[in-house]
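For reference, the structure discussed in these notes is given below.
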Amino acid sequence: MYRIFALLLLMSVILFGCAAEPTATPVPTEAPTEIPTVAPTDTAEPTATEMPTVAPTDTPEPTATPTPITGVVKSTLNVREQPTTRAKLLGVLKKDDVVTLIGRTEDLAWLQINYPLGEQTTAWVIAERINTTADLDALTSVAAASPTAGATQVAVQPPVTGTITATTTAITPSATITGAVETPGATAVAETPSATAVVTGEVTTTPVATTEAGATTQPPVTGGTPPGSILFDSFENGNFNIYRVRADGTGLEQLISDGSEPSLSPDGSRIAYRMRRDTGGLGIGLATATGSFVSIVSEESAAGYPTWSGDGNNLAYNILPSGKLSGRIQRVGVGPNNTPIDVAIGVRPAWQPSGSQNVLFDGCKGATDCGSLLTINAFEGDPNNPNLLTFGIAGAWSPNAAQVAFQAPDDNGNTQIFVANADGSNRTQVTKDTGTHGMPIWSSDGAWLFYRTDQGGTGWAIYAIRANGSDARKIVDSNVNADYWTFEKLAIAP
């Protein structure tokens, strides 16, 4: 059976391999379609559009900027808020500063300038202190405003006639009443009925001067003698020596050779001073009140102008290298192995009395307020941010620290003595004659000021004047080093 099946399978394979190949069926071919040719049409050329012609316009020539009218400051010059010496002082210009002139007073006595320099705000200066080739008449005439509030004013009332009830015990037919009478026939109310009297006839009023604070100015006090003594240095034969003299000019005696810039301790027992050899410095030294050498506080050759703290435990002084105009303030404890500490950038320190940590000095507040009096806390203050008081240098505290005295130029360029409140307000000029005045200190009772002056160019001396500007008098002649006199400080002694 198996064999029959295999035989049949073999025969099937042979028959399949011998079969004829099939004939391929032809595929019909599609006839191509003829594409019609499109004749091109002529394209019309575009017609050019005529553009309108714009007539050129003339470009106006730029208007020339007018050249500023300028002037040059002849010498140190005060800058005022209004054209009057009673107006507020805004600052001080230096010799050769260039200012822009923008106005004038009708009489050409004052010129209006841009101030601070380079700014558009305005201020006033005295015209004769400015050099300029410009025609000042071409400047705009500016009407002066009323004097600044706070300037010293004098109120004068016209004579008043009528019947006035006055508070007085002794009356004459033509009495003088101090004060302002508002209307004729006004009644002055008496404090007690028994002190009332009737005045008939013409009554006049006496002008009353007031200060910035509004207080009545009393008549100057004259006579009397300043209290205490003065320590000072004198430049002799190329060297400095320290002397003591009584405030009445008697008892002159030399205390220290080769020394300058004395400062007496609060208890009166020690003198701090700058040790000198010829014109060179040797540091800060201490001596007894009679001039005997004790010790050296600082060996820094540029150290000078010492001042005592109110408790007598510290000294402040300036470091001013030779030929420099700016220095730094340092403080140091009075004792062995104490390290100096920088306090501020500036010169001429003056420690506030009564144990305060505040030091008065002169320097710059920012970039513009140089030549200013500043204060700083000597232990905790920021050296870069002192407090600004007023314009001036060589400041000195009054004994009760309520006022400061200092030197500054007046409106004529003369260096004068001024006083102001401890916050810089109520600035008042004390000396008013020609010449140079500076380096002020207060008497122990606060009633007098002592200062150096060249007496109008006739020779240097030390003078006394009452703080109200009266009773100036010479105490003693004293030579100065002309290049250094603004550091030749004075000191009060018993």
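The values are calculated or read from the model by the stated rules, or taken from the named source; none is laboratory data. A quick note: this is a predicted structure, and the numbers were derived from the prediction, not measured. Reconstructed Cβ throughout: ideal geometry from the backbone, glycine too, with neighbour counts over all protein chains shown.
See the values below:
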read-out: All positions within region 437-466 that are within 28 Å of the chain's Cα centre (by Cα), closer than 13 Å to ALA396 by Cα and not β-branched (Val, Ile, Thr); value: GLY438, MET439, PRO440, TRP442, SER443, GLY446, TRP448, LEU449, PHE450, TYR451
read-out: Selected residue (criterion: farthest from LEU286 (Cα to Cα)) from residues of region 335-351 that are in contact (Cβ under 8 Å) with a residue 24 or more places away in the chain and surrounded by fewer than 20 Cβ atoms within 10 Å (Cβ to Cβ); value: ILE345
read-out: Lone qualifier among ASP471, ASP433 - being in contact with a helix residue (DSSP H, G or I) (Cβ under 9 Å, 6 or more places away or on another chain), part of a loop (DSSP other than H, G, I, E, B) and not hydroxyl-bearing (Ser, Thr, Tyr); value: ASP433
read-out: Residue check for VAL297: buried (at least 18 other Cβ atoms within 10 Å of the Cβ), part of a strand (DSSP E or B) and at pLDDT 95 or above; value: no
read-out: Where a residue in region 364-386 is under 21 Å from PRO116 (Cα atoms) and its partner, wherever it lies, is hydroxyl-bearing (Ser, Thr, Tyr) and surrounded by fewer than 16 Cβ atoms within 10 Å (Cβ to Cβ), with Cβ under 8 Å and at least six apart; value: CYS364/SER326
read-out: Total residues in region 93-109, condition surrounded by fewer than 19 Cβ atoms within 10 Å (Cβ to Cβ) and not in a loop (DSSP other than H, G, I, E, B); value: 4
read-out: Failed item, numbered, when SER75 is tested on (1) in contact (Cβ under 8 Å) with a residue 40 or more places away in the chain; (2) among the small types (Gly, Ala, Ser); (3) surrounded by 14 or more Cβ atoms within 10 Å (Cβ to Cβ); value: (3)
read-out: From ALA394, ALA422, ALA482, ALA405, residue being more than 21 Å from THR76 (Cα to Cα), assigned by TED's automatic domain parsing to the domain that holds TYR273 and hydrophobic (A, V, I, L, M, F, W, C); value: ALA422
read-out: Segments classed as strands (runs of 3 or more DSSP E), wholly inside region 316-393, with at least 1 members that are among the polar types (S, T, N, Q); value: 328-333, 358-365, 369-377, 387-391
read-out: Region 107-122: number of residues that are at pLDDT below 90 and more than 22 Å from the chain's Cα centre (by Cα); value: 3
read-out: Residues being touching a residue at least 12 places away in the same chain (Cβ under 8 Å), out of contact with any Asp or Glu (no Cβ under 8 Å at 6 or more places or on another chain) and in a loop (DSSP other than H, G, I, E, B) - total across region 440-468; value: 8
read-out: Test: residue in region 387-396 that is under 22 Å from ASN314 (Cα atoms), touching a helix residue (DSSP H, G or I) at 6+ places or on another chain (Cβ under 8 Å) and touching a residue at least 12 places away in the same chain (Cβ under 8 Å); value: yes
read-out: In region 283-292, the residues that are surrounded by 12 or more Cβ atoms within 10 Å (Cβ to Cβ) and either free of Cβ contacts under 8 Å to residues at least 24 places away in the same chain or hydroxyl-bearing (Ser, Thr, Tyr) (or both); value: GLY283, THR288
